[in-house]
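What follows is one structure encoded as structure tokens, with my remarks underneath.
The values are calculated or read from the model by the stated rules, or taken from the named source; none is laboratory data. Keep in mind that what you see is a predicted model, and the values were worked out from it rather than measured. Neighbour counts are summed over all protein chains in view; Cβ atoms, including those assigned to glycine, are modelled from backbone coordinates with ideal geometry.
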């Protein structure tokens, strides 16, 4: 939480953070900062005017209702926290030291087998080699935070965090949605009319690759678009003992051509 402070000093800090945000959001201005420092961009401390005025994404209001002037940031909101989450540090004026090192953001690609069983792996990132543990049931797009695995902070400031977003490769014949395995299966019209049993892929924790097959009963008179559920045959739920389901939606294939015998049989059925 930002504490009450002198109006002039607080206004100066807000102007500083807005200027820094605009520069680092502009690739050309950021490159000038990387090469020439404050003077090249017009940041405070470089001897040149900023050229940005008071515009920027962070706003403030001054109040004196209690008799002591101060800036109202709305509860525990601190705009420097927002700035730090984006750029890894808390501004340029020197009045505020970074609370921790820069956070790191990476994507990690996993096979379906790794996602099913979980893995322990050592990865190379900007801060060095890091050992990570990924739980069973991780899904595409999920993110994990590894505290203290980001960049080291200056002068005994704690290291930043590592954020990993996982990308899981799906099989061609099904997709994973949440903890469920979802697929479409085609049956012919004879199977739909008379009923049958078909094999569908499922998650099998006893199989080396994590995949197996299960029988799905197709009852007689099954209609196109019917959905079936195989309970507990889907992905493990992260940090839980339960599992998702397998969802199968069937479509019915209608033959485009019939033999004379087949046509005769269907016509006889029609006239019954």
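Is at least one residue of region 147-155 without any contact (Cβ under 8 Å) to a residue 12 or more places away in the chain, over 14 Å from residue 112 (Cα atoms) and not in a strand (DSSP E or B)? So far as region 147-155 goes, no, none of its residues is without any contact (Cβ under 8 Å) to a residue 12 or more places away in the chain, over 14 Å from residue 112 (Cα atoms) and not in a strand (DSSP E or B). When the residues of region 158-200 are filtered to those that are in the same structural domain as residue 141 (by TED's automatic domain parsing) and farther than 24 Å from residue 141 by Cα, the one that is surrounded by the fewest Cβ atoms within 10 Å (Cβ to Cβ) is 158.
Every test in (1) surrounded by 13 or more Cβ atoms within 10 Å (Cβ to Cβ); (2) in contact with a helix residue (DSSP H, G or I) (Cβ under 7 Å, 6 or more places away or on another chain); (3) without any contact (Cβ under 8 Å) to a residue 40 or more places away in the chain is passed by residue 203 save one, and that test is (3). Against the test of being modelled with pLDDT under 95 and under 28 Å from the mean Cα position of the chain (by Cα), the options 239, 271, 245 yield a single qualifying residue, 239. Residues in region 219-258 that are without any contact (Cβ under 8 Å) to a residue 24 or more places away in the chain, under 23 Å from residue 195 (Cβ atoms) and exposed (fewer than 11 other Cβ atoms within 10 Å of the Cβ): 227, 231. Only a single criterion out of (1) surrounded by 11 or more Cβ atoms within 10 Å (Cβ to Cβ); (2) within 13 Å of residue 167 (Cβ to Cβ); (3) under 17 Å from the mean Cα position of the chain (by Cα) is not satisfied by residue 114, namely (3).
Flag not set for residue 130, criterion: under 28 Å from the mean Cα position of the chain (by Cα), over 30 Å from residue 104 (Cα atoms) and not in a loop (DSSP other than H, G, I, E, B).
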